[in-house]
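K.L.:
Please find one structure pasted underneath; my questions will follow.
Read-outs throughout are calculated quantities, based only on the coordinates presented, and are distinct from any laboratory measurement. Computed from a predicted structure; not experimentally measured. Note: ideal-geometry Cβ built from the backbone for every residue, glycine included; neighbour counts use all protein chains shown.
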Amino acid sequence: MKIATYNVNGIRARLPLLLRWLEEQSPDIVCLQELKAPQEQFPVTALNEAGYGAVWHGQKSWNGVAILGKDCDPVERRRALAGDPADVQSRYLEADVRGIVIGCLYLPNGNPAPGPKFDYKLRWLQRLTTHARDLLDSGLPVVLAGDFNVIPEELDVYAPERWVDDALFRPEVRAAYRNLLAQGWTDTLRALHPDARIYTFWKYLRNAFARDAGLRIDHILLSPAAARCLRSAGVDRDVRGWERTSDHAPTWITLK
DNA sequence: ATGCCGTGGAAACCACGA
């Protein structure tokens, strides 16, 4: 069972590349972020023809998350986090897929920090942590996957000193991420590769990918019931080098 | 490290990303 997360940075612009990647890697479950498309413009027909069922939560211009299942239809459980009825940004989607609870998330960027966007990010992290506690208490196998917009440690960024004031690396954000993990979640890539520099994002600017000036901000977390089945984890780094690519690369795990 | 690239939407530029 291969489970992946991929911030596509615009699913309409990225569709040919997404279909190529699905064909090559054949992941069983995929979490997508940054659809940047309204609900009715999600390319469900093309994905169905590629063999994937889908649930999605679109939004005009920004955000947007989706969950794909190979040869199956994910069953939606929730499409927002509790705790702020006024929050209209489509950043969380949860579904049952092949006996696993899949939480697909696109955490707010939070820049500039400090400021209202940073405050929204911290509140969103708190709402996620509250919901994650409920998921753990269910005892079900759960995957929390997506673009967390959190650089957990210095090892996860090419030049830590340049990011100390950035909303992705600020102490409050890293502490909130550690606090989430402390509930009992496994950061899969780091668990299996404790000392490796493995990035999931490279800016489009200044030839960042060629210089390997990257960040690790896309994460796949497992509840204890799911972590027992963890076998491997990696990043499809080559996809970042394709023509008309996203600034993120697909990140994945395999479960037995 | 300053938005240099990329996407979307509105309007021939701007918001936003990380």
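K.L.:
Can you compute the modelled spin-label distance between residue A:77 and residue A:111, with each label point 7 Å from Cα toward Cβ, in nm?
P.N.:
3.3
K.L.:
Shifting gears a bit: Tabulate in residue order the Karplus-calculated ³J(HN,Hα) for segment A:233-242, using 6.51 cos²θ - 1.76 cosθ + 1.60 with θ = phi - 60°, rounded to whole Hz; enter x for Gly and Pro.
P.N.:
8, x, 10, 7, 4, 4, 4, 5, x, 6
K.L.:
For a quick protection proxy, order the peptides A:158-171, A:135-148, A:34-47 by their average other-Cβ count within 10 Å, most packed first.
P.N.:
Going from most to least packed, we get A:135-148, A:34-47, A:158-171.
K.L.:
Restricting to segment A:87-158, what percent of DSSP beta bridges are antiparallel, rounded to 5?
P.N.:
Close to 50 percent.
K.L.:
Starting from 0.36 nm per residue, how many nanometres of slack lie between residue A:41 and residue A:119 once their C-alpha separation is accounted for?
P.N.:
That works out to 25.0 nm of additional length.
K.L.:
Label residue A:182 and residue A:211 with points 7 Å out from Cα along Cα→Cβ: what is the distance between them in nm?
P.N.:
Between residue A:182 and residue A:211, the label points sit 3.6 nm apart.
K.L.:
In addition: Sort out for me the Cα centre separation of segment A:189-256 from segment A:65-140, rounded to whole Å.
P.N.:
Rounded to whole Å, the Cα centres lie 20 Å apart.
K.L.:
While we're here: Quote to one decimal, in nm, the extra length available between residue A:158 and residue A:25 on full extension: 0.36 nm per residue of separation minus the C-alpha distance between them.
P.N.:
45.1 nm
K.L.:
Based on other C-beta atoms within 10 Å, arrange A:151, A:253 from fewest to most.
P.N.:
Least to most surrounded, the residues fall as A:151, A:253.
K.L.:
Determine ³J(HN,Hα), in whole Hz, for all residues of segment A:29-39 in sequence, where each value follows from phi through the Karplus function 6.51 cos²θ - 1.76 cosθ + 1.60 and θ = phi - 60°; x replaces Gly and Pro.
P.N.:
The phi angles translate into 9, 10, 9, 10, 10, 6, 4, 6, 8, x, 3 Hz.
K.L.:
Quick one: which of A:121/A:256; A:36/A:70; A:70/A:121; A:2/A:117; A:36/A:203 span more than 25 angstrom between C-alpha atoms?
P.N.:
A:121/A:256; A:70/A:121; A:2/A:117
K.L.:
Cα-based Rg (one decimal) and Dmax (whole number) for segment A:2-255, in Å?
P.N.:
16.7, 46
K.L.:
Whose amide H sits under 5 Å from the amide H of residue A:80, counting only residues 5 or more places off or on another chain, with H placed in the peptide plane?
P.N.:
Amide H to amide H, under 5 Å and 5 or more residues apart or across chains, residue A:80 pairs with nothing.
K.L.:
Right, here's the next one. Go ahead and set up a Gaussian network model of chain A, Cα springs under 10 Å, then flag whichever of A:11, A:217, A:100 fluctuates most.
P.N.:
Highest fluctuation of the listed residues: A:100.
K.L.:
Apply the a/c threshold of 1.5 to the C-alpha gyration tensor of segment A:5-140 and tell me whether it is rounded, prolate or oblate.
P.N.:
Here segment A:5-140 falls in the oblate category.
K.L.:
Ordered by residue, what ³J(HN,Hα) values in Hz, to whole numbers, does segment A:193-203 give under the Karplus form 6.51 cos²θ - 1.76 cosθ + 1.60, where θ = phi - 60° and Gly and Pro are x?
P.N.:
These are the phi-based 3J(HN,Hα) values: 9, x, 10, 8, 7, 10, 9, 10, 9, 9, 4 Hz.
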